[in-house]
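All remarks here apply to the structure that follows.
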């Protein structure tokens, strides 16, 4: 079947999906895409979807619904996925938790020769899909690019950019994420994904042994700081970040080393908070997730009493307020350590070069995630159209793209990216 649509937004009724649709509409209007670019939306509830689309029209002032193709699809009805995906070049999957709902979507894409991308921050799902479908995607010359949002474009593309600019050889980078959210709540679907991730985290060890067995270990390994620590600078109190960033970066670096001969760089990712009360809440929430997600009753408690278990961070049936989201800010600082140019013998003693990349913007969880997702999708479509050094398989953003293919696009979206030569 001929590919009628360049891009299909799947899961457009979800909270994140609506922001993605909104940003795509604004991008098409701003850049004046011609009529040759065709896109569509799909969701389980078409009545609800149409209502949200008209709300987006009202908010943006852009009339688009009358010429938009809208489809009813359901993950539980595989044929409904196939019918729509068969008409689409690229499917952006916005339906989570991915560990529960993602596999039928990627499978249907591969079965219908559709390229795939998602916004997953769930390591178990991302690595399972790599093990199960990478060979199939390569054989069919299809791209399945995971974690194309807040998780994990800033870390993954950020460390590639740092390597590109680093005046010497980069060994490792410490990533510090600072969020300024004024105490606002996050979407309940994100909490569900966290619960699922902690529930199955013990499976990751054996999976990673299988996934990384083919790769050479790092020459100068760096250990993650697993407890709270304090830096006497802008970062204050720090704790390991529980998302997918670290695992995505490792996959990227190892695959680029294996296939392109690039020396891999390690990374560790941390939350940075200046208020000790906030970091204690984060530690307690992490403890609740680790302890209770192991048991069925504990999982039920986590999901039913999300606000209590997350200390007010995630609340069921309460969506983040749009006005509040627009006041949010984030900053990602990637501090790289390595050897300056001119060093012939590399040792831990002469690892003296320190450089950094900073990435900053507005609401990272939703508004800027939508910006990142839309630009990543457009970059992939452009790359496929030009057939320019396309890497097929179940891949990470930094395997799919070079920094120069993503960084300028994000800068045009008011996401500030800077390189600092020497700290």
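As a proxy for reagent exposure, 71, 212 were ordered by neighbouring Cβ count within 10 angstrom, fewest first; the result is 212, 71. Using the Cα coordinates of segment 1-74, the gyration tensor eigenvalues translate into equivalent-ellipsoid semi-axes of 18, 17, 10 Å, sorted from longest to shortest.
Counting only C-alpha contacts under 8 Å and six or more residues apart, can you give the relative contact order of segment 265-379 as a whole percent?
Details: 87 pairs, mean separation 20.3, N = 115.
Normalised by residue count, the contact order of segment 265-379 is 18 percent.
Here the peptides 41-51, 288-298 are ranked by packing, the mean other Cβ count within 10 Å, and the order with the highest first is 41-51, 288-298.
Along its three principal directions, the equivalent ellipsoid of segment 256-385 from the Cα gyration tensor extends over semi-axes of 36, 23, 18 Å, largest first.
Extent of segment 72-204 along its three principal axes (Cα atoms, max minus min coordinate, largest first): 49, 38, 29 Å.
Spatial offset of segment 98-137 relative to segment 37-75 amounts to 24 Å, using the alpha carbon center of each.
Which order do the peptides 157-169, 113-125 take when ranked by the mean count of other beta-carbon atoms within 10 Å per residue, highest first? Show your work: numbers first, answer last.
On the way: 157-169: 21.7, 113-125: 25.4.
By packing density, highest mean first, the sequence is 113-125, 157-169.
For segment 353-407, the extents of the C-alpha atoms along the principal axes are 35, 32, 19 Å, listed from largest to smallest. Normalising by residue count, segment 1-137 has a Cα convex hull of 109 Å³ per residue. Using a Debye calculation, one point per C-alpha and no hydration shell, please list log10 I(q)/I(0) for segment 175-281 at q = 0.10, 0.13, 0.16, 0.21 Å⁻¹ in order. Normalising to I(0) and taking log10 leaves -0.39, -0.64, -0.92, -1.25.
With N set to the residue count of segment 135-177, report its C-alpha Rg divided by 2.2 N^0.38 Å to two decimal places. Can you show the working numbers first?
Working: Rg = 14.2 Å, N = 43, 2.2 N^0.38 = 9.2 Å.
Against the compact-globule rule of thumb, the ratio is 1.55.
Centroid-to-centroid, using Cα positions, segment 330-347 and segment 171-204 are 27 Å apart.
With Kirkwood's inverse mean 1/r over C-alpha pairs for Rh, give me the Rg to Rh ratio of segment 56-123, two decimals please. Reported Rg/Rh (Cα atoms, Kirkwood Rh): 1.03.
For the chain, the fraction of C-alpha pairs farther apart than 40 angstrom is 14 percent.
Scoring 301-311, 388-398, 346-356, 244-254 by mean Cβ neighbours within 10 Å over their residues and listing the highest first yields 244-254, 388-398, 301-311, 346-356. In this label model, residue 77 and residue 419 are separated by 5.1 nm, measuring between points 7 Å along each Cα→Cβ vector.
Where a number appears in this text, it was derived from the coordinates with a stated rule and is not lab data. Note that this is a predicted model, so its numbers are computed, not measured. So basically every Cβ, Gly included, is an ideal-geometry build from the backbone, and we count neighbours across all protein chains shown.
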